[in-house]
Each structure stands twice: as structure tokens, then as C-alpha cells.
Amino acid sequence: MSHQPITIGKTNVTATRLGLGTNAVGGYNLFPDLKDETGLEIVKAGLEHGITLLDTAYVYGLGHSEELVGQAIKSFDREKITLATKGAHDFSSGQEVINNDPQFLIKQVDASLKRLGTDYLDIYYIHFPDKITPKAEAVGALQKLRKQGKIKAIGLSNFSLAQIKEANTDGYVDVVEDEFSLLHQDHAVEMMPYLKENQISFIPYFPLASGLLTGKYDQNVKFSDDDIRSQIADFQEPRYSKALAAVEQVRPIARDHHATVAQIILAWYMKNPLISVVIPGAKKPDQVIANAKAMRITLNDSEYQTIDTAFADFKKVKSGKSLADPE
């Protein structure tokens, strides 16, 4: 393993540079035909192959992902696992509402601890900002829980830079999670440098851009209307062809390393000084095992630069998010 563990924010929480996103573990509201058995195997495969950070959320299956992750980790040493979950979705009215109210967040954390079968969380993220709660107050509630030992690191997910600054008034924020990939580089301009300056870790989600950066797609792809990818701008022309052309330039590097395109892309993120942990998801255990192998790859500076240049056009475009935030 060439990659040293990384420390999260100003805490003593550490993690491998590659983690596992678990939205396809129990996230039956996000993906069709998920099986619990496969979900359990995915988590176990990650832990057995050297991944330590597991990233879940209440909204993945409305608690079901957390329950499965909790079940899967029972046979492993909890102290060696970095467990992250997220909350903000409030269904108490019968509608989905984003809620950052301090009392609500405190209840959410307790409910997550129960579902995960643990007495502390390494990272707890406010999953989305709401429109009314002062951000520093929401974070203040998590700081109280940190003092009680229920959480070790405080995170924000899907917050704008202005909202992050407001939330970090007291310097309590340790980690930010948001969309970032070679196809979605918006945050590299302002947000990620601010985070680095303020000792806040950055964890990108959708690092493989819904599979587009794995090298498995070509010009002839078609998605059905109920496939989430049919809604994503990355898969529309002319953007799609540009992405495919950039991916082609990664193939020779992959060949040199006897690796897949996806493994090389993940190695690029692990070498990027603005990124702490990269958390690709997986729908099958063998995908997790393949992703974990990326931890053994170290790109040299010229390979890193070649990939950076191949995707340079995507730095110039404001691409926004793949999927719309909930209201």
C-alpha cells in the first residue's frame, strides 16, 4: 500500500485514501432490484480488502442501508472502521423535507447509532442545507454530540462555499462531501482551496461519474427512461463524446500499470492534494475488490499531469451537479 492513511480535518479520525460509498447497499429507493445479501457482501468485501471508510446515509433506503452496514461490520473490529453517515431528510410530515434543526439532528444521530449498532460515529454529515436554520447553530448541535462522544468529526454535504463558511464560524467543521470528478471540477476553483487552507477534508462523491469514467461506455449507448443516467447531462452530446475522448487518453496509462481505467482514475484522485478520501460506490462485491486494488497504484507526476490535461476542458465549464438537490 503506497498510500498513507489520511487524517480527517483537525480530529484524530483516520481513513484509507479510498473508501466505499454504500448507496447501493440497501438503497432500494435509489436503485431497482437490490438484494440485502449482495449489500452485506459488498461491505464485507471492502473491509476484507483494506478499505476502512464506509459512507452511508439515512436516506439510502430510509435507514435500511445503515441497518445493513451495521449488520456487516459486526464481525469486524469496530475500532478499525471509519464509519460515516448523513442526515437531514425529515419525513415526519409525510412529505420529504430537508431539516437542519438542532433538535432534529440530535434525534437523527441517535437513530443512526441504533441502526448501525454502534455507540459512536466517526463522521456525521448534515446531508443537505435547509433554508431556515442558521448553519452555525446546526453545527453547534453536532459539536454538543461530539463532546458527549457520539460523533468524532463534523461534516457538511452539498453546502455551497458561503454556507460552509457560515457553518464553520466556530471552526468546528472537519470535512465536506460534495460532487467532484474529472468531469465535474467546479469546486476546484474556490471551495477546495478554502477547505485545504482551513484544515477541512474534502471527500468527493460520484468520482467515476456514474460509470462514465470507467471506460466501459462507447458511442452506441442507450438508456431507458427509468434509468437515472438518462437524466444526467454527462451522457448527453456533445459532452458525452468529449468525456469518451478524454477517457481514451487514460487507456495507455492503464496498460502500463496493468490496471483498469477506473483504477487509474481513482489513483488520480488519491494523488490529488485537495482530496482526502475518494468513495466510489459499488453494486457488486467484485467491483469493490477491483476498486481497492487502486490503493496499490501510485501515478508518477507526468501520468497525473497527462490525465489532468486530458480533462482540462471540463475545468472551463461550470457543469453543476449530476442530479438536482432535493428542495
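What follows draws every value from the coordinates through simple rules; no lab data is involved. Please read all numbers here as calculations on a predicted model, not as lab measurements. As a convention, Cβ positions derive from the backbone with ideal geometry for all residues, glycine included, and neighbour counts pool all protein chains shown.
Indicate the gyration tensor shape class of segment 174-327 (rounded, prolate or oblate), computed on the Cα atoms with a ≥ b ≥ c the square roots of the eigenvalues: a/c under 1.5 is rounded; otherwise a/b larger than b/c is prolate and the rest oblate.
It comes out rounded by the Cα gyration axes.
Treating only the Cβ atoms of Lys and Arg (+1) and Asp and Glu (-1) as charged, compute the dipole magnitude of the chain about its Cα centre; round to the nearest 20 debye.
660
Amide H to amide H, which residues 5 or more places from S181 or on other chains are under 5 Å from it, using H placed in the peptide plane?
The answer is none.
Once the Cβ-Cβ distance between Q148 and K321 is put in as r, and R0 is 30 Å, what FRET efficiency do you end up with, to the nearest 0.05?
Values: r = 34 Å, r/R0 = 1.13.
The pair Q148/K321 has a calculated efficiency of 0.35.
Looking only at G171, G70, G19, which one moves most when the chain is put into a Gaussian network model with springs between Cα atoms under 10 Å?
Top of the fluctuation ranking is G171.
Which whole-Hz ³J(HN,Hα) couplings does segment 205-221 yield from phi under the Karplus relation 6.51 cos²θ - 1.76 cosθ + 1.60, θ = phi - 60°, glycine and proline marked x?
Along segment 205-221, the couplings run 9, 6, x, 9, 6, 6, x, 5, 8, 8, x, 8, 9, 9, 4, 9, 7 Hz.
Report the relative contact order of the chain, percent, no decimals, based on alpha-carbon pairs under 8 angstrom and at least 6 residues apart.
21
If you filter segment 1-100 for trypsin sites (Lys or Arg not before Pro), then keep DSSP loop positions with at most 12 other Cβ within 10 Å, what is left?
K35, K74
Calculate, in nm to one decimal, what A111 and E37 gain on full extension: separation in residues at 0.36 nm each, minus their alpha carbon distance.
This chain segment gains 24.3 nm when fully extended.
Note the listed values [x] 0.95; [y] 1.14; [z] 1.06, then indicate which one is Cα Rg over 2.2 N^0.38 Å calculated from this particular structure.
So the calculated entry is the one marked [x].
Hey, with R₀ at 51 Å, roughly what FRET efficiency would Q163 and K222 work out to, going by the Cβ-Cβ distance, to 0.05? Please list the in-between numbers first.
On the way: r = 38 Å, r/R0 = 0.75.
Between Q163 and K222 the formula returns 0.85.
For a quick check, take a GNM of the chain with Cα springs below 10 Å and name the residue from S201, S276, S224 with the largest mean-square fluctuation.
S224
Based on alpha-carbon centroids, what's the gap between segment 158-226 and segment 23-61 in Å, whole number please?
Here the two parts' Cα centres lie 20 Å apart.
Mean Kyte-Doolittle of at least 0.0 and a Cα length of 27 Å or more along the axis: which whole DSSP H helices of the chain meet both? Can you show the working numbers first?
Numbers: long enough: none.
Once both thresholds are applied, nothing remains.
Mind checking which of V139, V13, V25 has the largest fluctuation in a GNM of the chain, springs on alpha carbons under 10 Å?
V13
Per the helix-only calculation at 222 nm, which mean residue ellipticity applies to the chain, given -39500 (n - 2.57) for every DSSP H run of n ≥ 4 and division by its residues, nearest 500 deg cm²/dmol? Don't skip to the end; give the middle numbers.
Numbers: 12 runs with 114 residues, N = 327.
That calculation yields -10000 deg cm²/dmol at 222 nm.
Distance check, please: which entries in K107/K152; K35/K114; K114/K196; K131/K165 exceed 24 angstrom between their Cα atoms?
Working: K107/K152 17 Å; K35/K114 22 Å; K114/K196 33 Å; K131/K165 16 Å.
With Cα atoms farther than 24 Å apart: K114/K196.
Per 0.36 nm of contour for each residue apart, how much would the distance between K284 and Q103 grow if the chain were fully extended, relative to their Cα-Cα spacing?
Values: separation 181, 0.36 × 181 = 65.16 nm, distance 3.71 nm.
Extra length from K284 to Q103 when fully extended: 61.5 nm.
For G19, list long-range residues whose amide hydrogen, built 1.01 Å from N in the peptide plane, is under 5 Å from its own amide hydrogen.
V278, I279
Treating cross-link reach as a plain straight distance, find the lysines whose alpha-carbon is under 18 Å from the alpha-carbon of K242, omitting any fewer than eight places away in the same chain.
Once the sequence-local lysines are set aside, what remains near K242 is K216, K222, K315, K316, K318, K321.
I'm a student and want to see the number: the projected area of the Cα convex hull of segment 192-276, averaged over all directions, in nm².
Quarter of the Cα hull surface area: 6.7 nm².
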